[in-house]
Amino acid sequence: MLTIRRLRAASGLVLLTYIGLHLANHALGLVSVGTADTARRVMHALWHSPPGTVLLYGSLVVHMALAFVAVWTRRSLRLPPVEVLRLVLGFGLPLLLYMHVAATRLLDTLFAIDAPYARVVNALAHWNTAPLQLALIAIAWTHGCIGVAIMLRANPNVRRYSHAAVAAAVLLPVLGALGFLAMARELAVTGAKAAAMPSPAQFAQVTAVASMMMLGHAVATVALFAAHAWRARFESGVAGALRLSTGGQVLQVPRGWSVLEASDRHGVPHLSLCGGRARCSTCRVRVAGPAANIPPPNADEARTLRRIHAAPDVRLACQLRPLGDLAFEPQLTAPGADGPRVTHEREVAVLFVDLRRWSTLAEGQWPHDLVYVLDRYFALVGAAVRACGGEPNQFIGDSVMAIFGLETDLPTACAQAFRAATRIHADIAAWRAEFEAHFPHGLAIGIGLHAGPAVVTEVGYRETTSVTAVGEVVNTASRLQEQTKASGAWLVASADAIALGEVAVDGADRTTVAVRGRSAPLDVVCFTR
């Protein structure tokens, strides 16, 4: 189903693709003007064809229209800095874009005057016009990249390659700008001119059209934000149309506000990571009230609620706009509120280490002997984890959980975690003779290793809290530790973690196992020696 969210994303991606190809075309100017012009003709045939024209300019109109709708439907414009930057760039971009479009596409459409690089670069390569052209490139590309980053930041597969994506996002406009400057220098040396140039009358005509479009956009933008400010002022005077209760506090807001906007207005800490786009589900609330006061979820909200298997009384605060009084309770606590604080999302590697046959040992030994064993065991594991760059995080019974990647990228974290597992295995083997001389039990461990996205968060109650990782990666690492018993291995690691860490697996067994709690089998590597 094509929802507004998907339509805005699709139109934006079309425009970003066009800008990216345009920058790549500019970058070919580092080779020569002729090379860049050859590529330009291919792009011309693509985007100037009837389907290309409809796709490009249809996407432009849709994206701009939905931007106006998005601003108007927001009751509050208190946004994170990156969202403010994207908003300013998006509404300011057309003021620079219209004149460029008029001097290229409009001249071609009205008078069949092509726009080869010899004409465009010679016209723009001056101290008063070149900065505007470079600013246009930077603004358009930055606006699009911010939108993609916000749209995909919750996707673990995308975050895994974020470093390469950032490098490409920075490199492409730099190369485009350098290509533009290289073409300007080449044309200055060769003195090449375009075959056809617009007459002063023709240029004045398209300039007048561009000026009208710029004025219309500026008036519409000013009118939008003025109307938004007037509505906010008016609604502040009639506040109290709805009463939303949460945590013993009553929030009085006008009808039409979302629950998240009500929380923002009244300073109620409320987590929301996706900017109110129904993507992340972190703003979800449990609601109570008459059914007539709770409208059904839209398509975007319904999709996200299905993804998290939400209960019938759970809704997304960013999408729920009550029709009457109700009560709500946030399901995730925002930073600064009482209770656990969600710190940040990261991709981490997690080790689970378990001391085998601990129950049998505990049954036959004095408690002080058990304290000695645990102290020695925890010291060996903790020292190995710290030495390899990880953080020994939880010591529960005879198990230790360690996190890697709190300050490194995921491949490094996986390599560190494997080195720590290898060192723990060796240190336990070195301790085995001494241990077995004192206790009538064999000494063995099992280790599970997995990697993936997690929330690094502070959990606990009141003053008893600790920072840990929460997510599927933790559960799976624990289950892989249990799998060592069935496989006779000292380490069972997910194949993805081994591949990311570039670990040599000579002599190890590869297999696929069913992991409790996962819907699909997992490829693993079992280390038995």
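Brief remarks on what is shown
- Residues in the stretch 186-207 that are touching a helix residue (DSSP H, G or I) at 6+ places or on another chain (Cβ under 9 Å) and open to solvent by less than 60 Å² (accessible area, probe 1.4 Å): LEU187, ALA192, ALA194, ALA196, PRO198, SER199, GLN202, VAL206, THR207.
- For the stretch 6-19, a residue qualifies if it is surrounded by fewer than 19 Cβ atoms within 10 Å (Cβ to Cβ) and not aliphatic (A, V, I, L, M), and the qualifying residues are ARG6, THR17.
- The listed residue being touching a residue at least 24 places away in the same chain (Cβ under 8 Å) and within 16 Å of THR104 (Cβ to Cβ), out of LEU85, LEU56, LEU21: LEU56
- Contact annotation: residue pairs with Cβ atoms under 8 Å, 6 or more positions apart or on different chains, pairing a residue in the stretch 283-305 that is crowded, with 17+ Cβ neighbours inside 10 Å with a partner that is assigned to a loop (DSSP other than H, G, I, E, B) and among the hydroxyl-bearing types (Ser, Thr, Tyr), are CYS283/SER272; ASP300/THR3; THR304/SER281; LEU305/SER281.
- Scope the stretch 245-263; condition under 14 Å from PRO330 (Cα atoms), assigned to a loop (DSSP other than H, G, I, E, B) and of a type outside the set (S, T, N, Q); matching residues: GLY247, GLY248
- From the list GLY52, GLY29, the lone residue that is over 30 Å from TRP257 (Cα atoms), of a type outside the set (Val, Ile, Thr) and touching a Leu at 6+ places or on another chain (Cβ under 6 Å) is GLY52.
- Single match in ALA226, ALA196 (criterion: within 30 Å of TYR98 (Cβ to Cβ) and free of Cβ contacts under 8 Å to residues at least 24 places away in the same chain): ALA226
- Residues in the stretch 264-297 that are outside any helix (DSSP H, G or I) and within 16 Å of VAL250 (Cβ to Cβ): HIS266, GLY267, VAL268, HIS270, VAL285, VAL287, ALA288, GLY289.
- Matching residues in the stretch 377-401 - criterion: being open to solvent by less than 40 Å² (accessible area, probe 1.4 Å), of a type in the set (Gly, Ala, Ser) and over 14 Å from THR422 (Cα atoms): SER399
- Any hit, the stretch 178-185, residues being open to solvent by 40 Å² or more (accessible area, probe 1.4 Å) and either polar (S, T, N, Q) or touching a His at 6+ places or on another chain (Cβ under 7 Å) (or both): no
- Residues of the stretch 439-491 that are at pLDDT below 75 and over 37 Å from the mean Cα position of the chain (by Cα): PHE439, PRO440, HIS441, GLY442.
- Filtering the stretch 30-84 to residues that are open to solvent by less than 40 Å² (accessible area, probe 1.4 Å), within 30 Å of CYS274 (Cβ to Cβ) and in a helix (DSSP H, G or I) leaves LEU56, GLY58, SER59, LEU66, ALA67, ALA70, VAL71, GLU83.
- Selection of the stretch 297-320 for residues being of a type outside the set (A, V, I, L, M, F, W, C) and out of contact with any Pro (no Cβ under 7 Å at 6 or more places or on another chain) yields PRO297, ASN298, ASP300, GLU301, ARG303, THR304, ARG306, ARG307, HIS309, PRO312, ASP313.
- Per this entry, THR17 is counted among residues that are under 30 Å from the mean Cα position of the chain (by Cα), assigned to a helix (DSSP H, G or I) and β-branched (Val, Ile, Thr).
- Listed here are the strands (runs of 3 or more DSSP E) enclosed by the stretch 415-529 that have at least 3 residues being open to solvent by 50 Å² or more (accessible area, probe 1.4 Å): 464-470, 509-513.
- In the stretch 312-329, residue surrounded by the fewest Cβ atoms within 10 Å (Cβ to Cβ) [restricted to those that are in contact with a helix residue (DSSP H, G or I) (Cβ under 9 Å, 6 or more places away or on another chain), assigned to a strand (DSSP E or B) and touching a residue at least 60 places away in the same chain (Cβ under 8 Å)]: LEU326
- For the stretch 306-329, the set of residues classified as of a type in the set (Lys, Arg) and at pLDDT 90 or above consists of ARG315, ARG321, listed by residue number.
- In the stretch 212-245, the residue that is farthest from ALA65 (Cα to Cα) out of those that are modelled with pLDDT of 90 or more and of a type in the set (Gly, Ala, Ser) is SER245.
The values are calculated or read from the model by the stated rules, or taken from the named source; none is laboratory data. Values in this document were obtained by computation on a predicted structure and should not be read as measured data. Don't worry about glycine lacking a Cβ; one is built from the backbone with ideal geometry, like all the others, and counts go over all protein chains shown. Please note that ligands, DNA and RNA were not included when accessible areas were found on the heavy atoms of the full protein model with its side chains. Shrake-Rupley method; radii C 1.70, N 1.55, O 1.52, S 1.80 Å.
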